[in-house]
Amino acid sequence: MSSPGARVMLWDGGQTDAYRAGDPVPVLPEPGGAGDLLDRQEVAVELGVAPRTWDGYKRDPRVAEHLVVICGVEHWPRGILREFQQARPGKSGATGRPRGSANVLPRGQAEDRVAALLAARPAITISEACDALGIAPATAQRALAQVRGKRIAELVEAEPGLSFTAAAEELGYPPAVRRAAVEAARMAGNRT
């Protein structure tokens, strides 16, 4: 019953008893039922994740309370795993656009439109830029970093004693985005 490569080998009690008694060994039920208990390796295959990924997921209360330990080996019911799969972390947090969809705003215009948004509100978020301009999160993130970087570089050029970080702060960029903006300013080649 154990998955290939398991450290602890487990056998079905009915099959073991029949074998010892010299009786015909009964066939195990076909796998795939909601009540099947799966070990760590089998869970990883069932969910399509690496076993190490499962090590993090198994702490989720939706599956942790269904843990069954058999001879020291952790198992989870297939039905619970299927429910978890439908709502597991990362499934609803897609960061890109749906396949085949396009930005409403042509890519070449993103930086100019983002520049206008930043002028009005330096702390604008990627999500807000996406909503305002109809662009993908990756496009908004790239344009925000580029425009912020250019503005930092321009300010540092105008005030040579100012550091990139101080310039980002002076421009009102939130701490969470300063590192990307400062890196973009450095990439602009205005100052190393």
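Packing around the peptides 64-77, 141-154, 110-123, taken as the average count of other Cβ atoms within 10 Å per residue, puts them in this order, highest first: 141-154, 110-123, 64-77.
Of the accessible area of segment 14-68, computed with a 1.4 Å probe over protein heavy atoms only, carbon and sulfur atoms account for 55 percent. Counting only protein heavy atoms and a 1.4 Å probe, segment 136-192 has 56 square angstrom of accessible area per residue.
Quick check: Cα centre of segment 32-69 to Cα centre of segment 118-192, how many Å? Taking the Cα centre of segment 118-192 as reference, the centre of segment 32-69 is 43 Å away.
How high is the FRET efficiency from ALA138 to ASP12, r the C-beta distance, R0 45 Å, rounded to 0.05? Efficiency, rounded to the nearest 0.05: 0.35.
The values are calculated or read from the model by the stated rules, or taken from the named source; none is laboratory data. Computed from a predicted structure; not experimentally measured. Heads up, the Cβs are rebuilt from the backbone with ideal geometry, glycines too, and the neighbour counts pull from every protein chain shown. Surface areas here come from the heavy atoms of the whole protein model, side chains and all, with no ligands, DNA or RNA. Shrake-Rupley method; radii C 1.70, N 1.55, O 1.52, S 1.80 Å.
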